[in-house]
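Single-structure report; data block below.
The values are calculated or read from the model by the stated rules, or taken from the named source; none is laboratory data. These numbers come from a predicted model, not from an experiment. No Cβ is skipped: glycine too gets one built from the backbone with ideal geometry, and neighbour counts run over all protein chains shown. Just the protein is used for accessible areas: all its heavy atoms, side chains included, with ligands, DNA and RNA removed. Shrake-Rupley method; radii C 1.70, N 1.55, O 1.52, S 1.80 Å.
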Amino acid sequence: MNILICIKQVPDMESKFKINNEGSWYDRADLAWRMNEYDEYAVEQAVRLKEQVGDADLTVLCIGPDQVKETMKKALAMGCDRGVHVADNDAYQREPIEIASMIADFAKTKNFDIIFTGMQSQDRGSAQVGVMVAELLGIPAITTIVGFAFENGAVQVKRELEGGGKALVNTTTPVLLTCQLGLNTPRYPTLPNIMKAKKKELLTIAPDLSGLGARQETTAFYFPERKGGGIVLEGELPELAEKLIHLLKEKTGVLA
Amino acid sequence: MKTLLVAEFREGKLRVKYSQLLAFAKELPTEASMFLVGSTSDLPQFDGTLYLADVAKYGEYNPTVHKQLLLDVIAKEQPDRIVFHHSSYGWDLAPRIAVALKAAQISEVMALADGEPVVPVCNAKLRRKIKSQTARTVLTLQAGAFGMEEDPVGTPTVVPIDTEACKKVECKGYEAARIEGVDLTKSEIIVSAGRGVGKPENIAMVQALAKALGGEYGGSRPVVDAGWVEHDRQVGTTGRTVTPKLYVACGISGAIQHLAGMKKSDFIVAINTDKDAPIGEVADVFVVADLKQFLPILTEKLQSR
Amino acid sequence: MEFTREIYWNVGHGWTTLAPMYVLLLAALAVFVLGCLQRIKVYRLGQPLDRTDQRGERIKTLLGNVLLQTKVFRVPGAGTAHALFFWCFFTLFIGTSLIVAQADFTDLLFGVKFLKGTFYKFFSLILDLTGLVAIIMLGGLLVRRYLLRPEGLITKRDDALMHGLLLTILVTGFAIEGARMAVTELGTPLAAWSPVGLVVAKMLNGLGEAGLRALHLGLWWFHLLLALVFIAIIPFTKFRHILTTSANSFLADRGPTGKLTTINLEDESIEKFGASVLSDLRWKDIFDADACTLCKRCQDRCPAFATGKPLSPMQVISQIGETAFTNPAANLVDLVGREVIWACTTCLACQDICPASIEHVSKIIEMRRNLVLMEGEFPGEEVMTAMEQTEVNGNPLGMGYASRGDWAETLGIKTLAEDSAVDILYFVGCYASFDKRNIAVAKSFIKLCQAAGVKVGILGKEEKCCGEPMRKMGNEYLYQSLAMETVEIIKGYGIQKIVTTCPHCFNTLAKDYRDFDFPVEVQPHTVFLEQLISAGTLQINAEAFSCTYHDSCYLGRHNNLYEAPRNLIHTAGGNLTEMAKNRDQAFCCSAGGGRIMAEETIGERINVKRVRMAVETGAAQLLSNCPFCLTMFEDGVKGADVEAQLRPKDIAEILAERL
């Protein structure tokens, strides 16, 4: 089996963000970087699939500047066989359709049986790239999986629905699946695998940037004003209760 | 400007949140029609055109077929905007439309600022205002970001639609959500008890407030360890990490391990006698009061509204 | 009369006695040697380890522990009984050796006798008294084991055999003496010099000479047989501890206290990390099991065992020993059990008290290394998350690394990147950088330094976790990555002296980091502050307060630092009421061994138990000087519901309040 896992390197969400000079994105300096959390589940599921079928080759792909290779090494240490780094220093600016095009460009000649991706990225969070890749490749896609089973080309997944219920969906390969948190428990790389990962193939390729065109523009990028701005309420309890209820009505959608 | 709204049908019923789509449409000067793979027995209530495909024929989740049905309607209606819910149905279908139309897709719109959509970035720590540069735009709306004051009324003009497209996936059915144990990560309103409640008997106050607000109750580590609150209701690094719309921390000091589990909540209210408690650093509102006295008063006022 | 006795009286001189005697002796020795070889073969299943360096020091330690019974004495009661028993039995052994020396060598070959005259009188008296004391002590130990039955003490058939055999040897010894004296010494002035024998002689006198001689002869051979059996069965019973426990004093770990072995991660040929089977352990780890006498002193002091966790250091050692001799291919992790392996806080109470110099902790850490490095397994998801957060942000709390120095913003100190010409680098540590309660301690420390005119620098966002909790959890790889980065950064700034407010950071930088060519001086803040006060650069206005003091494991048992904090408390005006378990007997707060990252899910909470001990002192404040202890005690006073009675505080805070 030929399997592709698309991952993204994102900043750790605990970081203190600043706006960049262009006012279009967050400033990339002084941030700690890690694998997009949703992608960890994708990598883990691919590795488990390989453990199950035995004869499978896992390619992990990531788009971005040189620093994303650190994150790719983690995917290799978790069990991917090879890495493809699509070198693009402006990846952070690209729209989902551009990212999807770059991935589809790479994948279109490779005949992957299954493509695993995270259902969205923790920074941009557009939840578009996965499905767009499938559309560009002309293969089916199923999003938000929290369950996965494979048997002789038959794929059975569980989609997570609002409210916690799940939908059971079956299909066959080739297929693209976007993974939701809780699909599995991503493994911690063992030391022998970390050592082996250092020797695995990690190719850097240049993307074909022609034909990409922006379809949207960021007109503003800012911090939301803290709703309420940290109001301190002190005084007589009945009054405080009234004030609080009023604030909840005003500032949240919680009280009708 | 024409807007096509995409409503959802699940487990035999129309999803009532379609009113949010209508509310959004109202914010723009626009002519709105609606698309639904559903049933004539459960129609949305609005005055306008409803393009209806039979869910019995085409299934509730069937992306390739729904996509074709929708593209056919788009070809006919020529909307400038196609609006979905940002949901397991919406984010699955919308990108397919965006690719087919070569249109910009703007996901999880949470507000309109000067007519332009605003979306959250980086776990909602930041905001981005986006301008589409394509003639047609696909949008998905954040759950609950837009709402109507009253229930929608009206009678749609139903236009039936069909397609020959084949399905590529098979939806076999549904699995109900786990009932044993509460999953606070899915709760929109959480009221949590901390050490400040003092005694196990006082947990009832916290539960009552949670109920009055229509939410769930949780607890910080010390009260769970003490056995006053069940383990699956623990909020914190070694319990659940929650992101509700409203988090009320009662008698919780805000030790790092707890903060990590709830600071991404949309709106945080802290009730504590200690003005300097670290919870104050993340609280939108800090009520300096003894929860044992304040909670009953607050609950009563909520219940009598 | 001549003050001597006829050796071999009544038994017979010459070959009729010597031949069988020495044949039996050779047989006994042969069995003994075979037994030892059998055991040595099993020790050799373990990895090599050289413990023959510093020979002079090692011999001194051996002699001290064996002859003076120093470690045995640390627990009075049973310790005193054993020490006395040992000295008496040892004396009897010397006595018997002297008899053999004269009877079978000096007298037989050269006609030289020395067991006569005044020497013999005292010889006889001493042996009689030591024999009596030996019997009394042995009786006491027997009563303790079989009647008093201390909780947790494991008694096996082996023990009955040992008590029985030794008691019989001792009693028959007196019986033989009594029978002989009844015939040869009653009524002579010599008799008084063997008082116990005299009493026995009088009791046996009624048997008449023929009867006495028969009794004497029979008992003599019986006694000889038992003594030879004793020798022969040494390797097969707990008697082996005479050799193994003694040897362990020589073979003990003389390295920096508590220091773990450092895996050479550059060695690409190493495919396995940590211990999952017996042969992964060192030979010494197998030998430790043979040195163990199941005295349970380790178990008695283990905070995990005391609160219902399944960890008993004694059991771990025992299990390793048992599997070594019965099923060496067994999986150690399954055998010992994961809950046991993860429960250890590395407080070192076990190793500190162990009279047999056994190394308990390193075995547990090796098994943890196997679980983490080979299986990617942790005690819980929360620990895996903490490890991952450390990889991403350099701290297990998951706080953004860029804000690590923010706590110091308004204090007028700079990061080394801004100004590296400092008197000391304050290595803040993860908790004091990010946790509000511990930031207060860091601020107090800065206040004190500034009052003393000390120029302090911090690394700020360049500082990462020292790696200690990760290392103790078994994640040697993550620890070494952090350590090497930290060493490089600090050396890059040319720092000469580092002070920390965290004993774990202190211990790690001062000991573990030396593996990475790191010669910088490191001090814990209590030692540093004490020096400032002694030098007169820091003035503290004493203001009386009531308190008790908790000795952190990583300052106390790991580094022998008990007095500096107490001096500071005294200087501050503290009225210190010690807890019953203080200094080397202090009871861990539960957060060591990397467990600060983990949830405590089994049994009673260790921190609450310790807080209750503090409450018993009646003190108003519980002082410590460790961020883990402080965090545990803040949690603990809530858990024990004593927030109003007992305030946990760091010594730095107390001093800063008194500037």
Task: B:Glu164 paired with B:Glu230, simple spin-label distance in nm, labels 7 Å along Cα-to-beta-carbon - done: 5.5 nm
- [ ] Report the percentage of all Cα-Cα pairs in the range A:64-171 whose separation exceeds 25 Å, rounded to a whole percent.
- [x] 27 percent
- [ ] For A:Thr172, enumerate residues with amide H under 5 Å from its amide H, sequence gap 5+ or separate chain, H modeled in the peptide plane.
- [x] A:Val155
Task: Placed amide H near B:Phe267: partners under 5 Å, 5+ positions off or other chain - done: B:Leu246, B:Tyr247
Task: C:Val171-B:Glu150 pseudo-label distance in nm [points 7 Å out on the Cα-to-Cβ vector] - done: 10.5 nm
Open item on the list: Mean-square fluctuation check for chain A, GNM, Cα pairs under 10 Å: which of A:Leu209, A:Leu136, A:Leu183 is largest?
Closed with: A:Leu209
Task: For chain B: relative contact order, % (alpha-carbon pairs under 8 angstrom, 6 or more apart) - done: 14 percent
- [ ] Within the range C:69-127, report the trypsin sites (Lys or Arg not before Pro) that DSSP leaves as loop and that have at most 13 other Cβ atoms within 10 Å.
- [x] none
Task: Nearby lysines by direct alpha-carbon distance to C:Lys41 (threshold 19 angstrom, same-chain neighbours under 8 apart not counted) - done: C:Lys238, C:Lys284
Task: Average Cα contact separation per residue, the range B:2-160, under 8 Å, 6 or more apart, as relative contact order % - done: 29 percent
Open item on the list: Once each part is reduced to its C-alpha centroid, what is the distance from the range C:471-502 to the range A:5-65 in angstrom?
Closed with: 28 Å
Open item on the list: Take A:Gln67 and C:Leu243, extend 7 Å from each Cα along the Cα→Cβ direction, and tell me the distance between the two endpoints in nm.
Closed with: 6.4 nm
TODO: Please work out the C-alpha center-to-center distance from the range A:109-139 to the range C:25-40 and express it in whole Å.
DONE: 73 Å
Task: Coil-residue GluC sites (Glu not before Pro) of the range B:179-276, DSSP, other Cβ within 10 Å capped at 16 - done: B:Glu180, B:Glu230
Task: C:Tyr22/C:Lys259 FRET efficiency (R0 56 Å; Cβ-Cβ; nearest 0.05) - done: 0.70
- [ ] Please report the base-10 log of the normalised intensity I(q)/I(0) for chain C, using a Debye sum with one equal scatterer per alpha carbon and no solvent, at each q in 0.07, 0.09 (1/Å).
- [x] -0.57, -0.83
Task: the range C:327-377-the range B:246-305 distance, computed between alpha-carbon centres (Å) - done: 43 Å
Task: Residue with peak Gaussian network fluctuation, chain B [Cα springs, cutoff 10 Å], from B:Ala75, B:Ala111, B:Ala176 - done: B:Ala176
Task: Reach of B:Lys76 by Cα under 29 Å, taken over lysines that are not fewer than 8 positions away in the same chain - done: B:Lys2, B:Lys13, B:Lys17, B:Lys26, B:Lys57, B:Lys67, B:Lys102, B:Lys131, B:Lys167, B:Lys168
Task: With Cα atoms, 0 to 90° folded angle of helix B:291-303 axis to chain B main axis - done: 30 degrees
Open item on the list: Can you work out the Karplus-derived ³J(HN,Hα) for every residue in the range B:269-279? Use 6.51 cos²θ - 1.76 cosθ + 1.60 with θ = phi - 60°, whole Hz, and x for glycine or proline.
Closed with: 10, 10, 10, 7, 7, 9, 4, 8, 4, x, 4
Open item on the list: Need one value for B:159-170: mean number of C-beta atoms belonging to other chains within 10 Å of its residues' C-beta atoms.
Closed with: 2
- [ ] Net charge near C:Val392: determine it from the other residues with C-beta under 9 Å of the C-beta of C:Val392, scoring Lys and Arg +1 and Asp and Glu -1.
- [x] -3
Task: Tilt relative to chain B, helix B:203-213 - C-alpha long axis, 0 to 90 degrees, to 10 - done: 30 degrees
- [ ] Could you work out the local net charge near C:Glu377, counting Lys and Arg as +1, Asp and Glu as -1, over the other residues with Cβ closer than 13 Å to its Cβ?
- [x] 0
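Measure off, as a whole percent, the carbon and sulfur share of the 1.4 Å-probe accessible area of the protein assembly as shown, all protein chains present.
54 percent
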Task: Radius of gyration and Dmax over the Cα atoms of the range C:395-534, both given in Å - done: 14.0, 41
Task: Listed residue pairs exceeding 19 Å between alpha carbons, taken from A:Lys50/A:Lys196; A:Lys73/B:Lys125; A:Lys166/B:Lys263; B:Lys186/B:Lys264; A:Lys249/B:Lys211 - done: A:Lys73/B:Lys125; A:Lys166/B:Lys263
- [ ] Compute the FRET efficiency between C:Leu108 and C:Val33 as 1/(1 + (r/R0)^6), taking r as their Cβ-Cβ distance and R0 = 25 Å, and round to the nearest 0.05.
- [x] 0.50
- [ ] Tell me which residues come under 5 Å, amide H to amide H, from A:Asp57 once H is placed; ignore anything under 5 positions away on its chain.
- [x] A:Asn2, A:Ile3
Open item on the list: Taking 56 Å as R0, compute the FRET efficiency from the Cβ-Cβ separation of B:Ser304 and A:Glu22 and round it to 0.05.
Closed with: 0.60
- [ ] Would you mind checking the range A:191-235 for residues with the amide N under 13 Å from a putative spin-label position 7 Å along Cα→C-beta of C:Glu268?
- [x] A:195-200
Task: Highest-fluctuation residue, B:Lys199, B:Lys26, B:Lys102 considered, GNM on chain B with Cα pairs under 10 Å - done: B:Lys199
TODO: Can you tell me how much longer the chain between C:Trp9 and C:Ile231 gets when fully stretched, taken as 0.36 nm per residue apart minus their C-alpha distance, in nm with one decimal?
DONE: 77.5 nm
- [ ] Work out the count of Lys pairs in the range C:454-613 where the Cα-Cα distance is under 22 Å, with the pair 8 or more places apart or on different chains.
- [x] 13
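Total Å² of accessible surface buried at the B-A contact, 1.4 Å probe, nearest 100?
When B and A are taken together, about 6600 Å² of accessible area is lost.
Are there chymotrypsin sites (Phe, Trp or Tyr not before Pro) in the range C:343-449 that DSSP puts in a loop and that have at most 12 other Cβ atoms within 10 Å, and which ones?
Those that pass, being in a loop and sparsely packed, number zero.
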Open item on the list: Can you show me the helix-derived [θ] at 222 nm for the protein assembly as shown, built from DSSP H runs with n ≥ 4 at -39,500 (n - 2.57) apiece and divided by the number of residues, rounded to the nearest 500.
Closed with: -12500 deg cm²/dmol
Open item on the list: Through the Karplus equation 6.51 cos²θ - 1.76 cosθ + 1.60, θ set to phi - 60°, convert the phi angles of the range A:18-23 into ³J(HN,Hα) values in whole Hz; use x for Gly and Pro.
Closed with: 10, 7, 6, 4, 7, x
